[in-house]
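Colleague: Just dropping this structure here.
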2 protein chains.
Amino acid sequence: MAMKEFLRTKGFKMTPQRDLIFKSFFEMDRHVSVDELYDRVRQLNSSVGYSTVWRNLKLICKIGLAEEVNLGDGVTRYDRVTKVPHGHMYCLKCKELIEFNVDHIMDFLTVTANENNFLPEGYKIEIQGYCAKCRETMSEDNGDRLT
Amino acid sequence: MAMKEFLRTKGFKMTPQRDLIFKSFFEMDRHVSVDELYDRVRQLNSSVGYSTVWRNLKLICKIGLAEEVNLGDGVTRYDRVTKVPHGHMYCLKCKELIEFNVDHIMDFLTVTANENNFLPEGYKIEIQGYCAKCRETMSEDNGDRLT
DNA sequence: CTGAAAATGAAAGTCGTTTTCATTAACGTG
DNA sequence: CACGTTAATGAAAACGACTTTCATTTTCAG
């Protein structure tokens, strides 16, 4: 019942839908989209509305438990916030998101920001490409290269 | 007339609109959105359609002269490709994009990809925050902090 | 219990992006 | 240079993810 109290201190109420959405979100694979979470939630309670899922995902971000991740494919994903900042390897084929440690880089980025008198609020380190799994099945069907 | 020949080798034709759009794009500030380029082009020739601008921006990307940049504010920007990869400092207030050198980081990222048997196609290094200019005018009106 | 405030679900609205389609233009070829 | 194939254009419609609206229901402090 910890979450309920936590929300209360911020002026939010707990509801069955919210409880289900929150639990589902934290149980799922990281980096879910609204649709993915919506599908999951509907499996457990088919009466929950899309906008409710969406609003709660936004709420989770607002209270600092997740962040929006934008890979440029037009779909916003929600990434659970961890204490350690991390980078993402984003597979252009299977869309998987693999995390990696970015401690080294952080130092550099902090310095860079300071040098420019820029006040950092967040970082995004991303490698786009093809994951090990997809590279295997890449012999016959190739991606969309130019021309 | 170099561009025309270049396009021809890839099966594309040159048109007055295309010529105007290409020239405008390369003359403008880096990181333009479709709307911004459209506005600029319309100043020079008000009969050019939005979709034509959009398609040519896509074409510029396809032939490798620009890349889409997605900052998560719902607007795709087009960043001229330079030989040197670079990072972006993105001001959450004025939306300005400031570039910085990322040579150090590249080594690290390359190694990281290799370790995971990940085939990199592109990188994205971004610092979100507030630029020097905006920090000054940040005393009275503050941004949207949680709650 | 009760009322004020928040949450919900359905539907509609928003907005940037993308496609469709009829028409026009480019340009290698004859 | 006229021709025909193929690409490009412009207007409008379609798309799709995201966001808001609104009437109704639910939560929860007092």
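Colleague: I need every pair where a residue in the stretch B:5-32 that is outside the structural domain of residue B:94 (by TED's automatic domain parsing) and over 11 Å from residue B:56 (Cβ atoms) has its Cβ under 6 Å from the Cβ of a residue that is part of a loop (DSSP other than H, G, I, E, B) and open to solvent by 80 Å² or more (accessible area, probe 1.4 Å), sequence separation at least 6 or different chains.
Modeller: That search, which allows pairs on different chains as well, returns B:10/A:147.
Colleague: Next question, about the same structure. When the stretch A:1-48 is examined, which residues are found to be within 14 Å of chain B (Cβ to nearest Cβ), within 12 Å of DNA strand C (Cβ to nearest atom) and among the small types (Gly, Ala, Ser)?
Modeller: Once the filter is applied, which keeps residues that are within 14 Å of chain B (Cβ to nearest Cβ), within 12 Å of DNA strand C (Cβ to nearest atom) and among the small types (Gly, Ala, Ser), the stretch A:1-48 yields only A:11.
Colleague: Can you tell me which of A:72, A:87, A:49 is within 16 Å of DNA strand D (Cβ to nearest atom), of a type outside the set (Phe, Trp, Tyr), in contact with a strand residue (DSSP E or B) (Cβ under 6 Å, 6 or more places away or on another chain) and more than 24 Å from residue A:2 (Cα to Cα)?
Modeller: On the way: A:87 fails: within 16 Å of DNA strand D (Cβ to nearest atom); A:49 fails: in contact with a strand residue (DSSP E or B) (Cβ under 6 Å, 6 or more places away or on another chain).
None of the others qualify; the one that does is A:72.
Colleague: Could you check the stretch B:27-42 and list, in sequence order, the residues that are open to solvent by 60 Å² or more (accessible area, probe 1.4 Å) and touching a helix residue (DSSP H, G or I) at 6+ places or on another chain (Cβ under 9 Å)?
Modeller: Within the stretch B:27-42, B:27, B:29, B:35, B:40, B:42 meet the criteria.
Colleague: Among the numbered criteria (1) under 18 Å from the mean Cα position of the chain (by Cα); (2) over 30 Å from residue B:124 (Cα atoms); (3) near DNA strand D (Cβ under 10 Å from one of its atoms), which one does residue A:34 miss?
Modeller: The number of the failed condition is (2).
Colleague: Out of the residues in the stretch A:55-114 that are open to solvent by 30 Å² or more (accessible area, probe 1.4 Å) and acidic (Asp, Glu), which is nearest to DNA strand C (Cβ to nearest atom)?
Modeller: A:73
The values are calculated or read from the model by the stated rules, or taken from the named source; none is laboratory data. None of these values were measured; they are calculated from a predicted model. So basically every Cβ, Gly included, is an ideal-geometry build from the backbone, and we count neighbours across all protein chains shown. Ligands, DNA and RNA are stripped out before the accessible areas are found, and what is left, the full protein with its side chains, is counted by its heavy atoms. Shrake-Rupley method; radii C 1.70, N 1.55, O 1.52, S 1.80 Å.
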